[in-house]
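A.B. asks: Got a structure here, written out as structure tokens. Questions coming.
Every read-out reported here was derived from the displayed coordinates using simple, explicitly stated rules and does not represent laboratory data. For clarity, every value in this text was computed on a predicted model and none was experimentally measured. Neighbour counts are summed over all protein chains in view; Cβ atoms, including those assigned to glycine, are modelled from backbone coordinates with ideal geometry.
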Amino acid sequence: MISKSALADLPSPAPRSADPDALAAEIIERLTYSIGKDAKVAKPHDWLTATILVIRDRVIDRWMESTRQTYDTGGKRVYYLSLEFLIGRLTRDAVSNLGMLDEVRAALGSLGVDFDAVTSLEPDAALGNGGLGRLAACFMESMATVDVPAFGYGIRYVHGLFRQQMSDGWQVELPETWLANGNAWEFQRRESAYEIGFGGSVDGIGANPAETQRCVWKPQERMVAVAYDTPVVGWRAKRVNTLRLWTAQPIDPILLDAFNAGDHIGALRESNKAEALARVLYPADQTPAGQELRLRQEYFFSSASLQDILRRHLQEYGDLRSLPDKVAIQLNDTHPAISVAELMRLLIDIHRFGFDAAWEITRKTFSYTNHTLLPEALESWPVPLFERLLPRHMQLVYAINAKILRNARLERGFDEDQIRSVSLIDEGGDRRVRMGNLAFVGSHSINGVSALHTDLMKQTVFSDLHGLYPDRINNKTNGITPRRWLMQCNPGLFSLIRDAIGDEFMDNTEALSALDAFAGDSEFCARFAAVKRDNKVRLANLVARRMGIKLDPSAMFDIQIKRIHEYKRQLLNIIEAIALYDQIRSHPERDWVPRVKFLAGKAAPSYHNAKYIIKLANDVARVINNDPAVRGLLKIAFLPNYNVSLAEIMVPAADLSEQISTAGMEASGTGNMKFALNGALTIGTLDGANVEIQEHVGKDNIIIFGMTAEEVAERRENGHEPRPIIEASRELSQALTAIASGVFSPDDRDRYAGLVAGLYDHDWFMVAADFEAYADAQRRVDALWVDEEAWYSRTILNTSRMGWFSSDRTIRQYAKEIWKAGP
Ligand SMILES: *Cc1c(COP(=O)(O)O)cnc(C)c1O
């Protein structure tokens, strides 16, 4: 160790230069001395790594300064716990936020290396499934941007979300190996390691051991969580925060003991068991993964994160009573909800707090974000599994439950129905621990992610808990980072906007509203249209290259990209395409608006209907794209392997954004925001954030159709009968008959019998019920498209009025209203 006085005299490294010549020299230096390659033989990946190492140095300067500043000012820290971070590529984001795009481009250029080619070699960090994980990534960037001291905590999965390949139109899942070429952005922190236990037994301490007293948990199985840190650079590099991802390793002493005792196989088994924990991300979106390994992952990263948080707090303040003043922990959905019981355990068993004092600290520290109302998506664990894996936490859950229910009965006069609904244990059928209820009672704030979702949360899943704690539920409408989702993915539009209204919107996204004045300016409309066209050409080239489908960039680009799920209703979109196909063939004399329908998205590997929807899209595409009677007026392209990088190419190229979920089922959506910000019109239902998008962009600039959430609920209550609705619509019944009779699957005529039967039988997602309204809305879209200048005016007004949906706004609201942190 180094002495304090010596520390004071340590030379500090000189801040790194941003000059292109200096950058180029450093890149060569790194290539030679860090990677060990001569520039003459260096492979593209070597250039990428050398470039990242040089950029990383600039980030580190800011990173250390941010950490020092939080430490010196005693600022409150925010900890964002999420089992998913859908980050995408980091390098361009970091360079852009450092304000060094031109310099790095020039430096590489002087070495004969193309910046875009090199940075596109970086694999996507796909440590998430969809919207929930992408939100966590946008939030990390916005917390750094608005100067909130924050850590993100998650798992460093060796394999992120699977890579999707198409084989004869079917989805095939391949493992994603994002770490195959190393990851120059991360730092292993061997010193930040914590022991994590599972199973075993619990002993009380003292004469009268009760559940609420201090206990000693003797886990049967133990492993170590080791941290890997990735810096997250905010806009203009004002602050750099940390994303800390945990990996699991076997405990060395066990390994050594076993080895010394000659039990080499046993030692390896321990080692494999630990490493299996962080190997894969469960590809479950809107469904609980349900496997024991998933509960282990949840506990593993919750426990490691909490131990890390308590250690840091004790080191700085020496006393855990001040924890809620200095620490805010946000639970991203229920995946980290076990943290509530883990913090109680750490406070009571390790740090010797009484139960009530521990409970007070816990509730004041945690807040919870709910992401779904789908009953099948609410996480719960069988009591026997929970008890076997986490015996001490089971006791604490019972103790918390007893306290909550006592209060509900005695103080609030809850009846038995209400008690059953607020209980942490679901007693219907096999007994299960309800993670949503645990997160709710252990938090001082529970937020929904759009105004509609928050209202519905109060009325449905949490109605009785809301009755018990009426001041806890609040709304924080989601947002997206305008750096990745405008400035970086759409450089053409970015520079057009700068030319028109100056730079203020770069620091305050709502200043985009100055574009309103240009919506009636035909010269500006034409320039806006030209940018859109360039982006469409870029996408068309990609489709030609990857899929061999030739597309006309002057056609309307109609895009639906998101996870494949019945409630998102890709099926509605495909059926409408079939109906349009029929119409184009029956009425060749009409002026049809040329359209390309793009779809992309992954299906959970075990989700049967979702996989058939992908196959159907490909089957329908093959028939329509090759039918000369269509005269190229309609094309369909299902792009494989949807991920953040593909979204960055597709979003700027969209004319029409499909946001057509069954009303009441999409909590917010963030894809909807990306498209509208980039100048696409939305066709959508009054669901999730679409409602607020309509309020911001104005009714004339969005195409809304279909039943409201209230109407959907009412119709379900009264028993929805789809058959008469289908029979009353010629277009719909023809389209369904075509699908069911094998027009699109001549090789297997019954392939879609089940899918179509579901629509006739129950139509749970109201595809049949909303079909006519949707088809009408599409013809309204066609009518709008024909008046080109009016169309572009509307798209300009979308870009202009979407500033509010910046995740900077969302994070400022969390910081002010929930965390009480930040500037
Ligand atoms: C934005 C985004 C999502 C979320 O899209 P929704 O349309 O809101 O479901 C999912 N995946 C990726 C890769 C994204 O970028």
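A.B. asks: Which lysines does Lys364 reach when only Cα atoms under 23 Å apart count, and residues fewer than 8 places away in its own chain are ignored?
C.D. replies: Excluding near neighbours in sequence, the set is Lys76, Lys326, Lys403, Lys458, Lys476, Lys816, Lys820.
A.B. asks: Please give the net charge around Ser586, taking every other residue with its beta carbon less than 15 angstrom from that of Ser586, where Lys and Arg add +1 and Asp and Glu add -1.
C.D. replies: 0
A.B. asks: Could you work out the helix-only [θ] at 222 nm for the chain, with each DSSP H run of four or more residues adding -39,500 (n - 2.57) and the total divided by the number of residues, to the nearest 500 deg cm²/dmol?
C.D. replies: Value at 222 nm, helices only, nearest 500: -14500 deg cm²/dmol.
A.B. asks: Considering only the other residues whose Cβ falls under 15 Å of the Cβ of Ser668, what net charge follows from Lys and Arg at +1 and Asp and Glu at -1?
C.D. replies: Once positives and negatives cancel, what remains is 0.
A.B. asks: Something else about it: Straight-line reach from Lys562: which lysines have Cα under 17 Å away, leaving out those fewer than 8 places along the same chain?
C.D. replies: Answer for Lys562, where 17 Å is the Cα cut-off: Lys597, Lys602, Lys611, Lys615, Lys674, listed by chain and number.
A.B. asks: For Lys40, which lysines qualify as cross-link partners when the Cα separation must be under 19 Å and same-chain residues fewer than eight apart are set aside?
C.D. replies: none
A.B. asks: Under 5 Å between amide hydrogens, which residues at least 5 positions from Val224 or on another chain qualify, with H placed 1.01 Å from N in the peptide plane?
C.D. replies: Ile196, Gln249, Ile251
A.B. asks: I've got another one for you. Please state the charge dipole magnitude for the chain, taken about the Cα centre, from unit charges on C-beta atoms (+1 on K and R, -1 on D and E), reported in debye and rounded to the nearest 20.
C.D. replies: Roughly 1400 debye for the chain.
A.B. asks: How do Met673, Met64, Met487, Met435 rank when sorted from fewest to most other Cβ atoms within 10 Å of their own Cβ?
C.D. replies: Met64, Met487, Met435, Met673
A.B. asks: Which percentage, to the nearest 5, of the DSSP beta bridges contained in the chain is antiparallel?
C.D. replies: Counting only bridges with both partners in the chain, antiparallel ones make up about 45 percent.
A.B. asks: Exposure proxy check: Ile636, Ile419 ranked by fewest other beta carbons within 10 Å?
C.D. replies: Ile419, Ile636
A.B. asks: Once the convex hull of the alpha carbons of the chain is built, what does its volume come to per residue, in cubic angstrom?
C.D. replies: For the chain, the hull spanned by Cα atoms encloses 189 Å³ per residue.
A.B. asks: To make sure I understand, if each residue's beta carbon is the centre and we count other beta carbons within 10 Å, what order do Ser380, Ser142 fall in, fewest to most?
C.D. replies: If I rank by nearby Cβ atoms, fewest first, I get Ser380, Ser142.
A.B. asks: Still on this model: Can you list the trypsin sites (Lys or Arg not before Pro) in the stretch 592-655 that are in a DSSP coil and have 14 or fewer other beta carbons within 10 angstrom?
C.D. replies: Taking the stretch 592-655 and a limit of 14 other Cβ atoms within 10 Å, the loop trypsin sites (Lys or Arg not before Pro) found are Arg631.
A.B. asks: Can you work out the FRET efficiency for the pair Gln459 and Lys820, with r the C-beta to C-beta distance and R0 = 22 Å, to the nearest 0.05?
C.D. replies: The formula returns an efficiency of 0.20 here.
A.B. asks: A further question on this structure: Would you tally the net charge around Ile725, using a Cβ to Cβ cut-off of less than 11 Å, leaving Ile725 out, and scoring K and R as +1, D and E as -1?
C.D. replies: Net local charge, Ile725 excluded: -3.
A.B. asks: Magnitude of the Cβ-charge dipole of the stretch 405-498, K/R +1 and D/E -1, about the Cα centre, nearest 20 debye?
C.D. replies: 640 debye
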